[in-house]
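Notes to accompany the following structure.
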Amino acid sequence: MVDDRISALPDEIICHILSFLPTEDVFTTKLLSKRWRPLWLLLSNLDFDDRRCSRELYSQFINMVFISIYARSAHKPIKRFLLRCDGNSICEPKESDIVTWLTAAAERGMEHLDVHISSNQNFNCVFSFKNLVVLKLRAIHITTILPVDLPLLRTLHLNGVYFLEHWFLLEILNGCPILEDFEAKNIFVRNSANEYEAEFKRLTKLVKADISNLSVYNVPLEGFSNVEFLRLEEIYGCVPEFSNLTHLEFVSRRNVNWCLLYDVLEKCPKLQNLVLEMPQLVTSVSTLCWYPNIFPKCLLSQLKECTIANYRGHQYELKFVQHIMLNSKSLRRITICSPPSMNPREMLEMQKELSFFPMRSATCEVNFKFV
């Protein structure tokens, strides 16, 4: 007879082991023996993904989610809830079911919610879950907005979220008074004409913001002025003072907006790390004709590391790198990242040209990467 050593372990250790498994697998452990029957209900993290379920068993998947939430004791909270429902015309949960799951999890103390739902269903209820500390939403639709009340939220990541109105996003951010980490990628807005009637509050606790893919033109930068890390593309409006910013990533999709870049750099007195992602395809003649007149102070005295991504050796790229090398007295490292599709002879000439170029910083090293 095989000795069952795992079943002899304390509940805490078994639950720790089970926490690394998908909830669908944990759910089946209740069939092993009486010893295992109650253990799956002790886990505080739930992870559901309907891609791990066949169409024939989809109804069982729905039932499993209900049981996993409602069968547990009220004294056993749900701390982390992950739900992915790709859905299709044949199999997808009802909107009412998903709202019921999310609401029930919130009532059981849910602090971390990660939802990826590929459908046109509306889930604005999540913005009233007051216990949330982390909220990650992907591919969901927000067609109406309720009062947003997220007093404990510190992390908000939005990816592929559809907003009926552009000001819905501002309303959400205004409801997150202690937000520290904000990421917005591939945001879609149907109507951007209507004005936001309320004041967009400054996010005073915000440390990190990635708004490089934020295609909402009426999001003022003033709200993000407290950040230490900023990834930025094309944002309209006045550029505020970024008094805490030490790391800036500036993304150029089609052409380099030197005016916006230098406006931002002039307002970053503590900047130490700069990443400039060059466009893959230049579409603006002005990009090729740029010559700087004033060198930002932060690049003169504070900059320690500079990375130029997608560098192809264009004249405007070369001039920018040379200005950095000639003027940045605190520079420790400059990294040139070029695409592997570049001609080998061109790459060698580029390396020679930059390697022998004079630098103001005696301790700066020049690195070349091909990615």
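The values are calculated or read from the model by the stated rules, or taken from the named source; none is laboratory data. Fair warning: this is a prediction, and the values are worked out from it, not measured in the lab. The area values use the complete protein model at the heavy-atom level, side chains included, leaving out ligands, DNA and RNA. Shrake-Rupley method; radii C 1.70, N 1.55, O 1.52, S 1.80 Å.
Considering only C-alpha atoms, what is the centroid distance from segment 162-192 to segment 60-132, in Å? Their Cα centres are 21 Å away from one another. One quarter of the convex hull surface built on the alpha carbon atoms of segment 140-190 amounts to 3.2 nm², the projected area averaged over directions. Ordered by solvent-accessible area of protein heavy atoms (1.4 Å probe), largest first, the residues Lys270, Lys185 come out as Lys270, Lys185. Across segment 71-79, rounded Karplus estimates of 3J(HN,Hα) from the backbone phi angles (6.51 cos²θ - 1.76 cosθ + 1.60, θ = phi - 60°) give 7, 7, 5, 5, 8, 10, x, 9, 8 Hz, Gly and Pro being marked x.
For a straight C-alpha distance cut-off of 30 angstrom, the lysines reachable from Lys201 (same-chain residues fewer than eight places away being disregarded) are Lys79, Lys130, Lys136, Lys185, Lys267, Lys270, Lys297.
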